[in-house]
Amino acid sequence: MSADQPLVPQPTEREFPEFVSIPVRVARNAKLYPDKIVVQCQGEARTWHDFDRRVNKIARTLAGMGIGRGDKIAVLAVNSIEYLETFIGGLRSGACVVPLSTMAASDALEKMLDDCDAKVLFLSDQYRQLVEPYEQKLSKLVPGGRIAYDFERPGWQGFEHWMSQASELAFEQPIHALDDFNIIYSSGTTGLPKGILHSHVMRDMLAVRFTAFDYSPGTISLASTPLYSNTTLVAVLATIGIGGTTILMRKFDVVQFLEIAQRERVTHAMLVPVQYQRILAHPDFDKYDLSAFKAKLSTSAPLRAQVKADCLKRWPGRLIEIYGLTEGGGSCTLEANLYPDKLHTVGKPGLGSEIVVLGEQGQVLPQGEVGELAGRAELMMKGYYKQDDKTRDLLWYDKEGRLYFKSGDMGKIDEDGFVVLLDRKKDMIISGGFNVYAADIEVLLLKNPDIVDAAVIGVPSDQWGESPLALCVRRPGAKVGEGDVKEWANAQLSKTQRLVGVEFRDSLPRSTIGKIMKRELREPYWAGRSARI
């Protein structure tokens, strides 16, 4: 798949006459707000003037290495100002940026670096051990293409020294709306995840559309998830594009988050559900002054209704849940403040999106029936990079020939047009021929005052094929037994939903953006069997 011939049909550039690339927006903001802070991290800060100057130096240095339109540069690093400068500098040079997951295994990263055709790699010392096993095999890197942010080692150039000789004068590389912006690899710790290829115009629309969430030049946004995550990038790029200030946290910590939010008068944060749970559960939460918040956003996984309700009561500002795919396509938004009776949903399709529910034969199901959600929107990814077969698996066309992306999520649309999200299709439990949705059981389990976290998975059953098993985390100090929870839950569940067992865990495995890793939970129970894990 080339940038000029994406597998997923793209709109023509003339359909976006007001397109302004993120690098151009940065240059404009530097002229408008030269002395204002654009980004700060761990006590270090950069003004718009200095940020733009350093972005020019990075772009010029990359251009001097022969990096230009469509070339790929990869970053494997902790959150930092330098990481963000590299990202924008790469874009300004015309390159496509590939932020790599620090959660991925070494062999998976090796495959990603080869798959994305990276010509330059920027690396933090913290993740050197993930690269060293195959460092000499990275034949696609150009000479001098190994850049170290914070360490010294033969064969690697220090970041500051690498760009020190370049001019800080404005660097202008023509950027077109449909040029490659970034490749975001889908979640996965082993093997080769899918590389999601976005265009510049798709990312530019963040700066335009997030004004609906009160983003403005006065925005102070606190980013507490990794920069390789699309969750983080959505909010960071919107803030940069609109001229606001981003505060980067190296690593999420509840107390630090609350202290920064109070001290810096933070107005916005994009958080994942587990962060909301941990923040609101902190015993000192109500002691902090969070009155500057205008909007809090949640994405990446469903935010439980009871957590939304708690947030509405105790945390100032709007609460907005966003449901959608990194690939683009249909998305939903729930303005929780306006629809307190719809907290069990992820809202309605918005911003030109359309959502349908598909049956097993690919037919559109009527309102209220459960099936796989599929969506379409004005802007969608260009495809999975060099994986056309996997891109085709994602596509569905309606009777008018309009393209939708299948989400892999099971759900339904209620009588008011709100989308109710159930499970990932791959996580659905089929017991005795009936579809069992873990989310329904998890909602019940979390109503138990002694349970603070829960995941339900399907385990092998000779009688039913699969049966639901609950893996729970008890409230500190709780003495409730596994049998007690099983009896309590099964008394309220239907026959097909009843738990075969309950097991307590100290914690549940989560990705860096808070998703429970159900594959990891299922694996021991299905080892040696042919069923999917």
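Values computed for the structure shown
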item	result
Residue count, the range 366-402 (criterion: touching a Gly at 6+ places or on another chain (Cβ under 8 Å) and either among the hydroxyl-bearing types (Ser, Thr, Tyr) or without any contact (Cβ under 8 Å) to a residue 24 or more places away in the chain (or both))	3
Residues that are of a type in the set (Val, Ile, Thr) and in contact with a helix residue (DSSP H, G or I) (Cβ under 7 Å, 6 or more places away or on another chain), drawn from the range 80-119	Thr86, Ile88, Val97, Thr102
Entirely in the range 449-533, the strands (runs of 3 or more DSSP E) that have 2 or more residues that are touching a residue at least 40 places away in the same chain (Cβ under 8 Å) and buried (at least 16 other Cβ atoms within 10 Å of the Cβ)	451-461, 465-474
Test for Leu303: is it aliphatic (A, V, I, L, M) and at positive phi	no
Residue under evaluation Leu7, criteria (1) under 30 Å from Arg128 (Cα atoms); (2) in a loop (DSSP other than H, G, I, E, B), criterion not met	(1)
Number of the exception - Arg209 against (1) of a type outside the set (Asp, Glu); (2) under 14 Å from the mean Cα position of the chain (by Cα); (3) modelled with pLDDT under 95	(2)
Strands (runs of 3 or more DSSP E) within the range 17-128 that include 3 or more residues touching a residue at least 40 places away in the same chain (Cβ under 8 Å)	37-41, 72-76, 96-99, 118-123
Odd one out for Leu351, checked against (1) among the aliphatic types (A, V, I, L, M); (2) touching a residue at least 40 places away in the same chain (Cβ under 8 Å); (3) in contact with a strand residue (DSSP E or B) (Cβ under 6 Å, 6 or more places away or on another chain)	(3)
Any strands (runs of 3 or more DSSP E) falling wholly within the range 346-425 and containing at least 1 residues that are surrounded by fewer than 13 Cβ atoms within 10 Å (Cβ to Cβ) and outside the structural domain of Arg203 (by TED's automatic domain parsing)	395-397
So Glu321, is it in contact (Cβ under 8 Å) with a residue 24 or more places away in the chain, charged (D, E, K, R), at negative phi and touching a Ser or Thr at 6+ places or on another chain (Cβ under 8 Å)	yes
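The values are calculated or read from the model by the stated rules, or taken from the named source; none is laboratory data. Quick caveat, the model's predicted, so the values are computed rather than measured. Glycine gets a Cβ as well: all are built from the backbone with ideal geometry, and neighbour counts include every protein chain shown.
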